[in-house]
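Worksheet: the structure to be examined is printed underneath.
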Amino acid sequence: MKVGMLTSGGDCQSLNATMRGVAKALYRMYDQDVEIIGFEDGYKGLIYGDYRVMKPSDFSGILTEGGTIIGTSRQPFKQMRTPDKNGLDKVEAMKRTYKKLKLECLVVLGGNGSQKTANLLREEGLNIVSLPKTIDNDLWGTEMTFGFQSAVNVATNAIDCIHTTAASHGRVFIVEVMGHKVGSLTLHAGIAGGADIILIPEIPYDINIVVDALKERNRMGKRFSILAVAEGAISKEDAKLSKKELKEKKKNGVVYPSVAYELGAKIEELSGQEVRVTVPGHMQRGGEPCPYDRVLSTRLGAYAATLIRDKIYGYMVCVKNGEIDKTPLGEVAGKLKTVDPECAMIKEAKLIGICFGDE
Ligand code: F6P
């Protein structure tokens, strides 16, 4: 039996641990009589027929290794139906590779866009089992994605490091956390790191409320303040604009490297306080998976193998009510799991005085 496997989209710390879980369980179930084909650099490998026949030894010693042993790339879902520069129909090419290799199924480890393409391939008749990868934890249909907790650790560690220097100098520090559309990572790392102000895309902020919160801390005799700000944090004002209007506004204004720098400049202007910006960036996707992710990945991977054994296709393996389960891919594709501004975690964070820039 032949099983194809690919990792797609932005990487994360626990991709190898997840592939290991799938592979180890499959090799045991089929008494080593299974061939795993690893497509190189995600869907690109499937489109252009670039693959490696994996050996059981390839999956040994990778539980703690970040990144992905088969490589990944971003192949936007939107462009899947657009022929490549040589006129190649990508969807047909993927189907051809799958059929030529006589695959029983394709295992896809990916985030939102990758799940959409996985669903497209399911609709085209391919046997698909997918696994929920992303540091953003923004996949619909699962309570948890692998990679998220490891990224929370890195982002929290960044805030912890900033704490001591912020305290020494009595400065305002902004730590920009990954997450363009969803603020889960910022919310968790912000609370874990003891941030005073947390700004996420789901709760547009009022700059005056942010500045007032900083002034209030000064009045209380606090020498420093830390803001955990998501890449996609947005002001109330900008949230009212259409995409086009926002683009226009940005074009005509000062160009900042990222949202944290823009916010920092505004805070300095309105409060007169010295602001420093730290952007941990892709460090948040690097390093080894944390123990939580190693366990989660192993469980998700082993469960995926049982779906293959039982020929249950068209599902994404997920976490439901704290247990490993499956969700139909058709229900996952195209939906985003965002942070509910009214959720208990935010209410509790507000109770201890964390400001979200909204009240
Ligand atoms: O989707 C994961 C993620 O790390 C986001 O949090 C971030 O906004 C984006 O990917 C960065 O993408 P890239 O690695 O392509 O710069």
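The values are calculated or read from the model by the stated rules, or taken from the named source; none is laboratory data. Model, not experiment: these values are computed from the prediction. In this analysis, Cβ positions are derived from the backbone assuming ideal geometry, glycine residues included, and neighbour counts consider all displayed protein chains. Surface accessibility is based on the protein's heavy atoms, side chains included, excluding ligands, DNA and RNA. Shrake-Rupley method; radii C 1.70, N 1.55, O 1.52, S 1.80 Å.
Computed values, structure above
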item: Helices (runs of 4 or more DSSP H) (entirely within the stretch 1-106) containing at least 2 residues that are more than 26 Å from the chain's Cα centre (by Cα), modelled with pLDDT of 95 or more and within 20 Å of Leu120 (Cβ to Cβ); result: 90-100
item: Matching residues, the stretch 127-151, being open to solvent by 10 Å² or more (accessible area, probe 1.4 Å), on the phi < 0 side of the Ramachandran plot and more than 12 Å from the ligand (Cβ to nearest atom); result: Asn127, Trp140, Glu143, Met144, Gln149
item: Single unsatisfied condition, Arg309 versus (1) in contact (Cβ under 8 Å) with a residue 40 or more places away in the chain; (2) open to solvent by less than 90 Å² (accessible area, probe 1.4 Å); (3) under 30 Å from Glu104 (Cβ atoms); result: (2)
item: Single unsatisfied condition, Gly179 versus (1) in contact with a helix residue (DSSP H, G or I) (Cβ under 8 Å, 6 or more places away or on another chain); (2) open to solvent by 40 Å² or more (accessible area, probe 1.4 Å); (3) part of a loop (DSSP other than H, G, I, E, B); result: (2)
item: Hey, Thr327 over 16 Å from the mean Cα position of the chain (by Cα), modelled with pLDDT of 95 or more, of a type in the set (Ser, Thr, Tyr) and in a helix (DSSP H, G or I) or not; result: no
item: Checklist (1) aliphatic (A, V, I, L, M); (2) closer than 30 Å to Glu104 by Cβ; (3) surrounded by 17 or more Cβ atoms within 10 Å (Cβ to Cβ) applied to Ile346, failing item; result: (2)
item: When residues of the stretch 1-26 are limited to those that are open to solvent by 10 Å² or more (accessible area, probe 1.4 Å) and within 19 Å of Pro56 (Cβ to Cβ), the one nearest to the ligand (Cβ to nearest atom); result: Arg20
item: Matching residues in the stretch 312-337 - criterion: being of a type in the set (Ser, Thr, Tyr) and surrounded by fewer than 21 Cβ atoms within 10 Å (Cβ to Cβ); result: Tyr313, Thr327
